1. Could you give each residue of the range 49-56 its phi-based ³J(HN,Hα) in whole Hz, using Karplus coefficients 6.51, -1.76, 1.60 with θ = phi - 60°, and x for Gly or Pro?
2. Quick one: accessible surface of THR56, probe radius 1.4 Å, all protein chains present, in square angstrom to the nearest 10.
3. Would you work out what percent of the accessible area of the range 1-101, with all protein chains in place, is carbon or sulfur (probe 1.4 Å)?
4. Under 5 Å between amide H atoms, partner at least 5 residues away or on a different chain: which partners does ARG24 have, H built in plane at 1.01 Å?
5. If amide H atoms are built 1.01 Å from N in the plane of the peptide, which residues on other chains or at least 5 residues away come under 5 Å of the amide H of ARG90?
6. Give a residue-ordered list of calculated ³J(HN,Hα) values for the range 18-34 (Karplus: 6.51 cos²θ - 1.76 cosθ + 1.60, θ = phi - 60°; whole Hz; x for Gly, Pro).
7. Please report the spacing between the Cα centers of the range 3-20 and the range 36-58 in Å, no decimals.
8. Karplus couplings for the range 81-96 from phi (6.51 cos²θ - 1.76 cosθ + 1.60, θ = phi - 60°), rounded to Hz, Gly and Pro as x?
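The values are calculated or read from the model by the stated rules, or taken from the named source; none is laboratory data. All figures in this text were calculated on a predicted structure; none of them were measured in a lab. Each accessible area value is taken on the protein alone, full model and side chains, heavy atoms only, with ligands, DNA and RNA left out. Shrake-Rupley method; radii C 1.70, N 1.55, O 1.52, S 1.80 Å.
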Amino acid sequence: MTVELHVAEGWLTVCELSGLTPGRGVAVLLPDGSQAAVFLDRSGRTYAIDNRDPFTGAAVLSRGLVGCAGGRPFVASPLLKQRFDLLSGRCLDDEAAAVRTYPVRTALTSAAAAVA
């Protein structure tokens with residue numbers, strides 16, 4: 001299975017689902033040159049947000065710590081520790097900040113689809 005993000009050009013395959021580790025993120029390069037951070041939680045749900053930390057400008061959110069607050073999944077920036085909601089992109093520690101979120105889905109790879 002592959003992980004796909006919805007970007008301006010449509011659905012873009014960014015990685016294999018098997019390449020994701022629950023609770024950890026990976027950075028993926030997008031066609032416009034920006035980066036997204038893709039996460040898999042322990043229940044198997046995938047999330048994607050902008051990889052750029054709006055407080056520092058560094059592309060590091062994929063290396064952040066994943067957690068849950070009030071039933072909402074978040075990633076904490078590895079630099080200044082601000083937490084970003086993985087569903088909305090809203091910063092849980094500063095109402096004025098947010099990151100972009102991307103619609104994400106998993107899909108059968110063409111090789112897997114041919115076998116099925």
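1. Running phi through 6.51 cos²θ - 1.76 cosθ + 1.60 with θ = phi - 60° gives 9, 4, 7, 7, 6, x, 7, 10 Hz.
2. Surface open to solvent at THR56 totals about 60 Å².
3. 50 percent
4. The answer is LEU40.
5. ASP85, VAL99
6. 5, x, 9, 10, x, x, 10, x, 10, 8, 10, 8, 9, x, 7, x, 7
7. The distance from the Cα centre of the range 3-20 to that of the range 36-58 comes to 13 Å.
8. These are the phi-based 3J(HN,Hα) values: 6, 5, 9, 10, 5, 6, 8, 10, x, 5, 6, 7, 10, 7, 4, 7 Hz.
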